[in-house]
Amino acid sequence: MAANSFMVPLGTPAPPFDLTAVSGGSVSLADLKGSPAVLVAFLSNHCPYVRHIEHGLGELAAGYGSRLSVVAICSNDSVNYPDDDPTHLAEQAARAGFTFPYLLDDTQEVAKAYRAACTPDFFLYDAEFRLVYRGEFDGSRPRNSVPVTGSSLRAAIDAVLSGAPVPEDQVPSIGCGIKWKPGNDPT
């Protein structure tokens, strides 16, 4: 069933994290310090909304190069949703052309801290780790004819990188609800 972003208040500081990467090692929020813009994307492998935009996200991230730090986080219960286990996430990263770390939030504490609700769910921060955008990738959905361009997210990234304010009128992301482990659902 589709779920929408919670639309966390703009200006909210990015919660810290230190998570294991699918490719090995770990990545923390502190590792991203010094980047002019930071994108934290909650993704999954099995969700049709994510699959619909995954190539576009890979291209968007690659296009910004070092001007944008990107991390993807999968917080889904991989026991009950094995398509979201580390092996399948690594396959997704290769398939989609992700050049950024894909992190595992096994405890689901990071998803709770960010108030992530769905996959995909995008959180864009400025250089001081203040939230400037939370919302959709673009208007494309699995069953509409809108092209996948990343236009909504791209406009926010461009504003941050140019020093312009990001418009506050933002459209929530929509996707598959995060697959919470029993007793973890924060709602």
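The values are calculated or read from the model by the stated rules, or taken from the named source; none is laboratory data. Every value quoted in this text rests on a predicted model; they were computed, and no experiment measured them. Counting neighbours? That spans all protein chains shown, and the Cβs are built from the backbone with ideal geometry, glycine included. All accessible areas refer to the heavy atoms of the entire protein, side chains included, with ligands and DNA or RNA removed. Shrake-Rupley method; radii C 1.70, N 1.55, O 1.52, S 1.80 Å.
Would you grab the residues whose amide H sits under 5 Å from the one on SER26? Only those 5+ places off in sequence or on another chain, please, with H modelled 1.01 Å from N.
ALA21
Report the calculated FRET efficiency for SER162 and ASP31 (r = Cβ-Cβ distance, R0 = 22 Å), to the nearest 0.05. Working shown, then result.
Details: r = 25 Å, r/R0 = 1.12.
In this case the efficiency is close to 0.35.
Could you look at the chain and say what percent of its accessible area is carbon and sulfur, using a 1.4 Å probe and all protein chains?
Details: 4480 of 8320 Å².
On the chain, the fraction of accessible area on carbon and sulfur atoms equals 54 percent.
For VAL146 paired with ASN184, estimate the spin-label separation in nm (one decimal), with each label point 7 Å from Cα along the Cα-to-Cβ line.
3.0
Once you place label points 7 Å from the Cα toward the Cβ at GLU91 and ALA127, how far apart are they in nm?
4.2
Provide the per-residue ³J(HN,Hα) series for region 101-118, in order, calculated from phi with Karplus coefficients 6.51, -1.76, 1.60 and θ = phi - 60°, each as a whole number of Hz, with x at glycine and proline positions.
Rounded to whole hertz, the list is x, 10, 10, 9, 10, 4, 7, 6, 5, 5, 4, 5, 4, 7, 6, 5, 10, 8.
Using the heavy atoms of the protein chains and a 1.4 angstrom probe, tell me the accessible area per residue for the chain in square angstrom.
Values: 8320 Å² over 187 residues.
Per-residue value: 44 Å².
Can you tell me the dipole magnitude for region 71-159 around its Cα centre, using point charges on the Cβ only (Lys, Arg +1; Asp, Glu -1), in Debye to the nearest 20? Display every interim value, and only then the final one.
Numbers: 8 positive and 14 negative charges, 78 e Å.
Its charge dipole is roughly 380 debye.
Between region 9-39 and region 108-187, what is the C-alpha centre distance in whole Å?
Cα centres, region 9-39 to region 108-187: 15 Å.
Using the per-residue mean of other Cβ atoms lying within 10 Å as a proxy for protection, in what order, highest first, do the peptides 71-82, 20-31 fall? Provide the component values of the computation, followed by the final result.
Numbers: 71-82: 21.2, 20-31: 14.7.
Ranking, from highest mean packing down: 71-82, 20-31.
Note down the relative contact order for the chain as a percent, whole number, built from C-alpha pairs under 8 angstrom at least six residues apart. Before the final figure, lay out each step's value.
On the way: 391 pairs, mean separation 61.2, N = 187.
About 33 percent, as a whole number.
ASP106: accessible area at probe 1.4 Å, nearest 10 Å²?
About 90 Å², rounded to the nearest 10.
Compute the longest continuous run of the chain that contains no exposed trypsin sites (Lys or Arg not before Pro); treat a site as exposed when its DSSP state is not H, G, I, E or B and it has at most 15 other Cβ atoms within 10 Å.
Numbers: sites that count: LYS33, ARG143.
It runs 34-142.
Can you tell me the dipole magnitude for the chain around its Cα centre, using point charges on the Cβ only (Lys, Arg +1; Asp, Glu -1), in Debye to the nearest 20? Write out the running numbers ahead of the final one.
Values: 13 positive and 21 negative charges, 50 e Å.
Dipole about the Cα centre, nearest 20: 240 debye.
In the chain, which cysteines lack any other cysteine Cβ under 4.7 Å from their own?
Cys with no partner Cβ under 4.7 Å: CYS74, CYS118.
Farthest toward the dipole's positive end in region 1-104, which of THR12, SER44, THR87, given Cβ charges of +1 (Lys, Arg) and -1 (Asp, Glu) about the Cα centre?
Farthest towards the positive pole: THR12.
Could you compute the FRET efficiency for THR12 and ARG67, with r as their C-beta to C-beta distance and R0 at 22 Å, rounded to 0.05? Don't skip to the end; give the middle numbers.
Numbers: r = 22 Å, r/R0 = 1.02.
Once rounded, the FRET efficiency stands at 0.45.
Of TRP180, PRO101, TYR114, which is farthest towards the positive pole of region 99-187's charge dipole, taken about the Cα centre with +1 and -1 on the beta-carbons of Lys, Arg and Asp, Glu respectively?
In region 99-187, that residue is TRP180.
Using the Karplus curve 6.51 cos²θ - 1.76 cosθ + 1.60 with θ = phi - 60°, work out ³J(HN,Hα) for each residue of region 150-157 in order, rounded to whole Hz, and write x for Gly and Pro.
In residue order, the calculated couplings are x, 4, 5, 5, 4, 4, 5, 4 Hz.
I want to check the label-to-label distance for ARG154 and ASN80. Put each point 7 Å from Cα in the C-beta direction and report it in nm to one decimal.
Spacing of the two 7 Å Cα→Cβ label points: 3.7 nm.
Based on Cα coordinates alone, diagonalise the gyration tensor for the chain, multiply each eigenvalue by 5, take square roots, and list the semi-axes in whole Å, largest first.
Working: eigenvalues 98, 67, 56 Å².
Values for the chain, descending: 22, 18, 17 Å.
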